[in-house]
Each structure stands twice: as C-alpha cells, then as structure tokens.
Amino acid sequence: MNKIPNSGEFSGQASEATMLFRQVLEESAAYAKFVGDHLDVNRTDFEAMEHLIQNGPMTAGQLAKAVGVSPGTATVMIDRLVEVGHVTREANPEDRRGVIVVPNPDSVRTAWHHIRPLIEASEEALSEMSKTQKQAVANYLRRMLEAYEAQHSN
C-alpha cells in the first residue's frame, strides 16, 4: 500500500490500484498537454477539438456546453482554432442562419496519430486478460467514473 499525502482530510493508506489510477490521471493530463502543445492549442481548445473529433461537426452552442464555457468564450475559442487551421465555420444545414464548427481532417489525423497508440496499448493489455479480469477492470473504471461524475455534479 502507498500513502496518499496527508491533507488533513485523508491520511489512510491507498491500494496499489488507487495509486496507479492517480498516476494514469496525471499522465493523461500531461499527455493531453503534450498533444495540445504539438497541435499549438491550449487545454480548453484541445478539449474542444476532442469533442469535435468524437462527435463531428457541432454548433458553437453545443461546443460551448460540451466544454463548459460561456457562448462568448466559445466564440473566442473557435476563433483561435480557425486561426491555426484546426476547424472551419460552415453553414448549418439545419439552420440557415447559423453555422457549425467542422474539424479539419488533417488535424483529426494528427490527433489520432497521438491517440491511437494509447488505444492500441489498452486493447493489447485487455487482450491478455480473462473475461473475469476484464469485467473487474471495467467495473472498477465504471465506479471511478461514477465517483468523478458525482463529485462535479454537486
């Protein structure tokens, strides 16, 4: 067991799985910064790009909500992404008065170039596990996801 730094709130021992989970979160944040730096975007802009890559074209309002920023902040964020060539604004086929934000296919390919090896490593690690082990990992991660969602929805 490893000790979590004593903050006055928690001074107990943490299991190896908890410590490794913390490390994965830290590495994930560092890797997101690395990829964002490579794409010449800040963390918020990179998060917007992640949503566009996962969901495809979105309205500015949808993107603002997904990233958790105000509509005005989203406009500035989209302006930055347009300026560096990662997205374009195109006419919204469902609302002729509006526009949608469309990810640049070259930027999507560049992002996937960095993301794909992590997905492949995850799938390789899972392929070496039994069905029961995979279910245990999935259950642990599902519970952690629920815990994180519960914390930021309060």
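The values are calculated or read from the model by the stated rules, or taken from the named source; none is laboratory data. A quick note: this is a predicted structure, and the numbers were derived from the prediction, not measured. Positions of Cβ are generated from backbone atoms using ideal geometry, with glycine treated the same way; all protein chains shown enter the neighbour counts.
List of remarks:
- Among (1) within 17 Å of residue 59 (Cβ to Cβ); (2) at pLDDT below 95, the one test that residue 113 misses: (1)
- Here the helices (runs of 4 or more DSSP H) wholly within the stretch 10-123 that include at least 1 residues being within 27 Å of residue 147 (Cα to Cα) are 16-38, 43-55, 60-67.
- All positions within the stretch 93-108 that are surrounded by 11 or more Cβ atoms within 10 Å (Cβ to Cβ) and within 20 Å of residue 39 (Cβ to Cβ): 101, 102, 103, 104, 107, 108
- Residues that are over 20 Å from residue 108 (Cβ atoms) and loosely packed, with under 15 Cβ neighbours inside 10 Å, drawn from the stretch 67-92: 68, 70, 71, 72, 73, 75, 76, 91
- Qualifying residue in the stretch 126-137 (condition: in a loop (DSSP other than H, G, I, E, B), over 19 Å from residue 38 (Cβ atoms) and either in contact (Cβ under 8 Å) with a residue 40 or more places away in the chain or hydrophobic (A, V, I, L, M, F, W, C) (or both)): yes
- Some residue of the stretch 112-127 being surrounded by 14 or more Cβ atoms within 10 Å (Cβ to Cβ) and on the phi < 0 side of the Ramachandran plot: yes
- Scope the stretch 30-60; condition aliphatic (A, V, I, L, M), surrounded by 11 or more Cβ atoms within 10 Å (Cβ to Cβ) and at pLDDT 90 or above; matching residues: 41, 48, 49, 52, 53, 58, 60
- Residue in the stretch 128-154 that is nearest to residue 61 (Cα to Cα), counting only those that are surrounded by 10 or more Cβ atoms within 10 Å (Cβ to Cβ) and hydroxyl-bearing (Ser, Thr, Tyr): 148
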